[in-house]
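> Just passing along the structure, written as C-alpha cells.
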Amino acid sequence: MTSTALSATTAATHRSTHLRLDGIGVSHPGRRVLTDVSLTVTTGERIGLIGENGAGKTTLLHVAAGLLVPGTGTVHRPEATGLLRQDLDLPAPTTLEQVVEQAVAEIRALEHRLAVLAAGIAEEPGDPAMADAYDAVLRDAERHGLWALDARIETVLHGLGLARLPRSRAVGELSGGQRRRLALAALLLARPTALLLDEPTNHLDDDAVDFLAGELAGWRGPVLLASHDRWFLDEVATGVVDLDPALGPDESAGGPPRQGTPSTGGYSSYLEHRELARRRWAERFAAQGQERERLQEIADVSGREIFHTTAPKSEGRITRKFYGDRAAKTVGGRVRSARHRLAALERTAVGAPPEPLRFAGFDRGAATAIDAELPLVRLTGARVEGRLAATDLELRAGDRVLVEGPNGTGKSTLLAVLAGELRPDGGTVQRQGSVVVGRLAQDDAWPDLSCTAEAAFRSRLRDGDRAPTLEELGLLRAGDADRPLGELSPGQRRRVALAALVAEPAPLLLLDEPTNHLSLALAEELERALEDFPGTVVLATHDRWVRRRWRGRVVPVRPGTA
C-alpha cells in the first residue's frame, strides 16, 4: 500500500524535501525501459509522468520509491516517501478501521511522546535538551495536525467516497475500486513528505477526483504521479515529463531519441509544447528537402556546363585552355563539395514527421445509401429491463452526441441498442435502410487471441485486401503487428480494434470509452480526427477531458428498473 524510506544501493534517503533522479537507466530482459532519465521534483511541485503503456512510468515510480534498483543512475528521496501502487496487496481480514489506524499510527504516537516529554520536563524543569525535544515533537504534531486528526480522517474518507462504509468492514469484502480508494486514503492520512502516485484517479468519480486535486494542490512536499487522466493532469500538475522518445529530432539529431522530455505547466501547456515540437520537426524536414534539392542540382552539373565560363573566341588557344581548365576546377570543386555535403546530409537525415490519425473516406455504397433528410436511427421509448430506462433519441447525418451517466446507468446498453446488437424489451427502434454501423466496444472481444494483430485487424474489414497495414496507419509497429493478440497489451489490442474503424469508417460510429488504454498522444489524435469526420458520432465516456471540451449534443441516460 505505501512505501517509506526504502533504500537501494544506488539510492540515498535523507532529510531533504526534494526528490531527485539522475541518469536513471533500467533494462528488462530483451528491452531497455528507461534510458538516462533525470528529473527533480522540489517542495510544492507536482510533476506528471505520461507516455505509452510500457514507456516506464510505473518502473520510474518504483525506482523513486526504492523498490527497484536501477541499472544506472542515482536517487535522492525524502526520508518519508509514500507510494500508491496500481496493484494492491492488503490482507483480506484487515478491517477498514485497522487500515486507517495503521496509517495514522505515527501521528497518534506523537501525543504519547509529548506526554512523556512533558512529564520529563516537570521532573527536570531546567533541562534544555528536554525542552528542545518537546518543542521539536510539538512542531511535528502541529505540522501533521495531531489535534484535528479524527476530523481529518472523516474528511478524507468522505472525500474519497468511503464514509458510508462500516469501519468494521473487512478489506476482503470491498470491491477493487473501494480497496484502491482505501489505499489512497491511508496514504493521504499518513502524510509522507513525498508522494509517488500511480494512476491515482482510477476508480474515482468526479467528486473524488476534485477532492484529490484539492489535497495535492496544498501538499507541501514533492509529488510525482503517473496518470492517463488529462483533466487531472491539467488541474494538478505544475510540470509534465513525457517518457516517450522526444517528439522530433531537435534534441537528438544523429543520436537515440531522448526520454523524459519535460515541459512546464499542466497538460494544456504540454500540448502547446508538443505542437511546437511537431511544427519544428515539420519545418526542419521541409528545409532538409529544399537543401537536398539544391545540393543535388549542383552535384548533377554536366561536363558541358564546365565550359560555359571560358575566354572569348577571339582569345588564343592557350588562353582559352587556361580559362577552361580554371572553370573546370572551380565547377568540379563545387560538385565534389556538394556531393560530400549531400552524403553528410543523408547520414544525419531527419525522418518525415508521422502523419496524424485520419479516418479514411466512406465506402461509396455506404455513403450514397444515406438520405440526409431522414433520421439514421430513431429510438422511441426503447428500454432494457434493469439496464436502460425508456429512452427517446434521434440520430441524423453529421450528429455529434455524447452519452453521459454514472457507471451502471446504461451507456453501453444504449450503444448496443443503437448498433442493433441488443433488442430492447420495450419501445421501438427505426433504422434508415441498412445503415452501416461501426462500433468500438468498451471491452474488445477477440475470438482467437493466437491470431496475429494484422490478421485480426483485416478480419474486421469488408475489403481487407485494399486497406493499409497497421504500421501504415501509425497504430502499431511492424514487429508488434505480427505478434499474436494474446501477447499484446490492452492498449495495443485497443489500437487494433480502432484501426478497423479508421481504415473503413462507417457513416455511424458508436464509440464506448474510446480513450481507454490509449496513450494521451493517440487520444488527442483520435479526438481531432473525429472533429473532421463527416459521419455521425455517438460517444460514451467517463473521460472528463473529453466531456469538458465536448461541443455537440449531450444525452443523459438513466438505468432501467430491475
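> Taking the condition of being of a type in the set (S, T, Y) and either closer than 21 Å to N516 by Cβ or under 30 Å from the mean Cα position of the chain (by Cα) (or both), how many residues in the stretch 405-444 meet it?
3
> Restricting attention to the stretch 517-562, and to residues there that are of a type in the set (G, A, S) and assigned to a loop (DSSP other than H, G, I, E, B), which single residue is farthest from T391 (Cα to Cα)?
Ranking the candidates gives S519 first.
> Let me ask something additional. Quick check on the stretch 150-180: of everything there that is under 21 Å from E106 (Cα atoms) and in contact (Cβ under 8 Å) with a residue 24 or more places away in the chain, which residue is surrounded by the fewest Cβ atoms within 10 Å (Cβ to Cβ)?
R167
> Within 20 Å of E173 (Cα to Cα), surrounded by fewer than 22 Cβ atoms within 10 Å (Cβ to Cβ) and among the β-branched types (V, I, T): is that true of T59 in this structure?
no
For (1) assigned by TED's automatic domain parsing to the domain that holds I47; (2) among the charged types (D, E, K, R), each residue gets a yes or a no:
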| position | (1), (2) |
| --- | --- |
| A185 | no, no |
| L197 | yes, no |
| A208 | yes, no |
| G214 | yes, no |
| A217 | yes, no |
| R230 | yes, yes |
| L233 | yes, no |
| V236 | yes, no |
| V241 | yes, no |
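> Next question. Going residue by residue through the stretch 419-429, is there one that turns out to be of a type in the set (V, I, T), touching a residue at least 24 places away in the same chain (Cβ under 8 Å) and either in a helix (DSSP H, G or I) or buried (at least 20 other Cβ atoms within 10 Å of the Cβ) (or both)?
No, because not a single residue in the stretch 419-429 is of a type in the set (V, I, T), touching a residue at least 24 places away in the same chain (Cβ under 8 Å) and either in a helix (DSSP H, G or I) or buried (at least 20 other Cβ atoms within 10 Å of the Cβ) (or both).
> Looking only at the stretch 378-395, decide whether some residue is in contact with a Gly (Cβ under 8 Å, 6 or more places away or on another chain) and closer than 19 Å to P507 by Cα.
Looking through the stretch 378-395, at least one residue is in contact with a Gly (Cβ under 8 Å, 6 or more places away or on another chain) and closer than 19 Å to P507 by Cα.
The values are calculated or read from the model by the stated rules, or taken from the named source; none is laboratory data. Please read all numbers here as calculations on a predicted model, not as lab measurements. Heads up, the Cβs are rebuilt from the backbone with ideal geometry, glycines too, and the neighbour counts pull from every protein chain shown.
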